[in-house]
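Written out below as structure tokens is the structure these notes cover.
Read the figures in this text as sums done on the coordinates, not as results from a lab. This one's a predicted model, so the numbers in the text were calculated from it and none came from an experiment. Note that we place each Cβ from the backbone using ideal geometry, even for glycine, and neighbour counts take in every protein chain shown.
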Amino acid sequence: MQLRWAHIVIYVRDTKKMVDFYTDVLGFEVTDRGPIGPEGREREIVFLSQVDTDHHQVAFINARKGEEPPNSVDHIAFRTADINDVREMISKLSGRKDVSGISPITHGNAWSVYFRDPENNGVEVFTDTPWHVAQPQGQAWDPALDDEALIKATKAQFGAEPEFGPIEAFYERRAAELKNR
Ligand SMILES: [Fe+2]
């Protein structure tokens, strides 16, 4: 048996605000919605996805009350195809009043942008770098750099860190480890 990550369901205060943000800004589509819970105390669940492999990747339930800080989840993360997608996301997020904490961070194995959604949940949008490097790592990267300059800069930031090397070698190693379990 192998468990693969599939989706997250989060409690929200304002379903419309959250659905608008996750569709307009992050590019999700609503795939289903409807009431759940016992009669008289129904709540609504809204399912969102942007891939053809999962009915939902994120779902919201309007069950969050008050102004309490986000729960035990630190952040949810979405992978994009390439670095241009991450740059595009940064410019989409920049200047929005309902988004806070926009931070371009590289872990050496990823170029990410971290931010807080309209209800203060932590979100990461990232793309893979060509490398693996022992984690945790986290340094700023400059979205204004072109691809060539960014690759050079990231290599300079992490090249001397433990296990730095091509990502393919890391995945091969992991595949062998999993096979031998
Ligand atoms: Fe992450």
| Which length gain, in nm to one decimal place, applies between A144 and K16 when the Cα-Cα distance is subtracted from 0.36 nm times their residue separation? | 42.7 nm
| Roughly how many nanometres apart are two label points built 7 Å out from the Cα toward the Cβ at T31 and M1? | 2.3
| note | Computed about the Cα centre, the charge dipole of segment 71-181 from +1 Lys/Arg and -1 Asp/Glu charges at the Cβ has a magnitude in debye, to the nearest 20, of 200
| Just going by the charge dipole of the chain, with Lys and Arg at +1 and Asp and Glu at -1 on Cβ, which of N120, T154, G37 is farthest out on the positive end? | G37
| Angle, helix 15-24 long axis vs. longest principal axis of the chain, Cα atoms, 0 to 90°, nearest 10? | 40
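At 0.36 nm per residue, and after removing the present C-alpha to C-alpha distance, how many nm does the segment from A160 to I76 gain when stretched out fully?
On the way: separation 84, 0.36 × 84 = 30.24 nm, distance 2.89 nm.
Going from the current span to full extension adds 27.4 nm.
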| query | Put a dot 7 Å past each Cα toward the Cβ at E172 and I102; how far apart are the dots in nm? | reply | 4.0
| query | Lysine pairs in the chain 8 or more apart or on different chains: how many have alpha carbons under 29 angstrom apart? | reply | 10
| So how strong a dipole does segment 1-68 carry about its Cα centre when Lys and Arg Cβ are +1 and Asp and Glu Cβ are -1, to the nearest 20 debye? | 220
| request: Tally the DSSP beta bridges in the chain and give the antiparallel ones as a percent, rounded to 5. | output: 75
| remark: Helix 147-158: inclination vs the chain longest Cα principal axis, degrees, rounded to 10, gives 80
| message | Given a 10 angstrom Cα cut-off, can you work out which residue in I167, I83, I105 is the most mobile in a GNM of the chain? | response | I167
